[in-house]
Amino acid sequence: MKKISKAQATAFIVLAVIIVAFAALIIYFNQNSYSSNLNRIFSRLEINAQADQVQSSILGCLESTAKDALLIIGIQGGYYNKPEKLHDLEWSFIPYYYYEGQFLMPSTEKIESELSD
């Protein structure tokens, strides 16, 4: 085997230092990239959590409003708004479904229309 001269040893040491420095730079930039990706992901999760809270609040309000409207329609015999022919009470009314030979029962479409207004 040949002996390695001092110049060759120095060249190998310099090459090793360059490789280690290059590897350290790669690791450093990957960590920064990884942490910035994590920050972006966590900020998105925070936004999604806020959006979920807003959506939950809206759905709760919608469900409450729909239940109230259906309760009123049920109490008032299928009408949300007062029909032409009715028996008026102080707190509600009773619609006439048959009045002077006419059938006045509301159709499903009429109930849906009043509910959607």
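Site pair E100 and A69 shows an inter-label distance of 3.3 nm when each label is modelled 7 Å from Cα along Cα→Cβ.
With all pairs of separate Cα atoms included, the chain yields a Kirkwood hydrodynamic radius of 21.9 Å.
Note on K85: aspartates and glutamates with a C-alpha under 17 Å away, same-chain residues under 8 apart excluded, are E100, E114.
A helix-only calculation puts the chain at -25000 deg cm²/dmol for mean residue ellipticity at 222 nm, using -39500 (n - 2.57) for each DSSP H run of at least four residues, averaged over all residues. Where does helix 6-75 land angle-wise versus the long Cα axis of the chain, in degrees 0 to 90, nearest 10? Around 10 degrees separate the two axes. For the chain, the dipole from Cβ point charges (+1 on Lys and Arg, -1 on Asp and Glu) about the Cα centre works out to 2020 debye, to the nearest 20. Inter-label distance, L15 to I111: 8.8 nm, where each label sits 7 Å from its Cα along the C-beta direction. Along the axis of the charge dipole computed for the chain (Cβ charges of +1 for Lys and Arg, -1 for Asp and Glu, origin at the Cα centre), the listed residues I27, G78, N39 are led at the positive end by I27. Counted over the range 77-117 with a bin width of 5 Å, the fraction of Cα pairs per bin, in whole percents, is 6, 23, 31, 23, 14, 3, 0.
No value in this document is a laboratory result; all are computed from the given coordinates. In this text, all values refer to a predicted model and were calculated from it rather than measured experimentally. Cβ sites come from the backbone with ideal geometry, for glycine too, and all protein chains shown count toward neighbours.
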